[in-house]
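The values are calculated or read from the model by the stated rules, or taken from the named source; none is laboratory data. From a predicted model like this one, the values you see are computed outputs, not experimental measurements. Reconstructed Cβ throughout: ideal geometry from the backbone, glycine too, with neighbour counts over all protein chains shown.
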Amino acid sequence: MMNGTVRSGLKGWVQNEVSSGELPNNQGENIVFRTKIAQAAFCGLLLAVATQASAQTVSNAYDVRNLLKQDGYASIRDVEFKAGLWTAEATTTTGQRVDVLVDPATGVTTPFYTRSQDELNRSLQTIYPILLEQGYRDFREVEIDDGLWEAEAFNRNNQWVDITVHPFTGAVLREKLEWDDDYLPDHPNNPPAGYLGADQIVSILTATGYTRIHELELDDGYWEAEARNQYGLPVDLKIDRITGAVVREEVDFD
């Protein structure tokens, strides 16, 4: 869901000046962050745009779709569980296309207008000082994906890591050593110890309402499959290898 124009628009932000608390804007001027002011201002923005809590837990993609519909969103696509949050792309009641973050514990939905450069700039101005205070530096490959910021950087321990960052709070939701990729043998009927087998995954998907399940395989730490969902639509699925929960469902238009 990353906007193709976003990454090029962010190149001017990712400079070594970050380490000193300054970032150049698109006009070449330096923006000096006053951390506490920026945090307070953007936390206010977060409270303004966050939808009232639904007081319900959200445990699967189907629940996320229903919750977003209840909150007035339409054309919901690319539901995914990522770095501890549910994310989706949807259209607001005013017709704006947004990425929506969903708290799985509370059901709170928060839209992030990733197609607005002003919104992206405000988010960056908030999270950079927070990340600097946590010891991160020398940011590279900064991009917005599924409503969350992703980047490579050195952490406090001088390790080169991939990080996933909340766009409003600046919380690091996930940190992973840049070279520490998961390894899984591609043998669906002989998965590693503790992983669900192919037959078990098919049984779980069938019980959840999926049909015509095929192209089932282990890839990058997840089971993946193609199927028909509860509405009869062809979908690509990403499935937790241990619990069997569907963490991403994407309509296959091909």
Which residue, of GLY72, GLY107, is assigned to a loop (DSSP other than H, G, I, E, B), small (Gly, Ala, Ser), buried (at least 21 other Cβ atoms within 10 Å of the Cβ) and modelled with pLDDT of 90 or more? GLY107
Restricting the first residue to segment 119-133 and requiring it to be in a helix (DSSP H, G or I), which pairs with a second residue that is hydroxyl-bearing (Ser, Thr, Tyr) and surrounded by fewer than 22 Cβ atoms within 10 Å (Cβ to Cβ) meet a Cβ separation below 6 Å and a spacing of at least six or different chains? GLU119/TYR113; PRO129/THR35
Considering only residues that are of a type in the set (Ser, Thr, Tyr) and within 16 Å of GLN70 (Cβ to Cβ), look in segment 81-105 and name the one that is farthest from the chain's Cα centre (by Cα). THR93
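Yes/no per residue for (1) at pLDDT 95 or above; (2) surrounded by 18 or more Cβ atoms within 10 Å (Cβ to Cβ); (3) in contact with a Gly (Cβ under 9 Å, 6 or more places away or on another chain); (4) under 30 Å from ALA227 (Cα atoms):
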{"residue": "ASP118", "(1), (2), (3), (4)": "no, no, no, no"}
{"residue": "ASP138", "(1), (2), (3), (4)": "no, no, no, no"}
{"residue": "ASP146", "(1), (2), (3), (4)": "no, yes, no, yes"}
{"residue": "ASP180", "(1), (2), (3), (4)": "no, no, no, no"}
{"residue": "ASN189", "(1), (2), (3), (4)": "no, no, yes, yes"}
{"residue": "ILE201", "(1), (2), (3), (4)": "no, yes, yes, yes"}
{"residue": "GLY209", "(1), (2), (3), (4)": "no, no, no, yes"}
From TYR210, TYR195, TYR222, which residue is in contact with a Lys or Arg (Cβ under 6 Å, 6 or more places away or on another chain), among the hydroxyl-bearing types (Ser, Thr, Tyr) and within 22 Å of VAL58 (Cα to Cα)? TYR222
ARG156 vs. criteria surrounded by fewer than 22 Cβ atoms within 10 Å (Cβ to Cβ) and in contact (Cβ under 8 Å) with a residue 24 or more places away in the chain: no
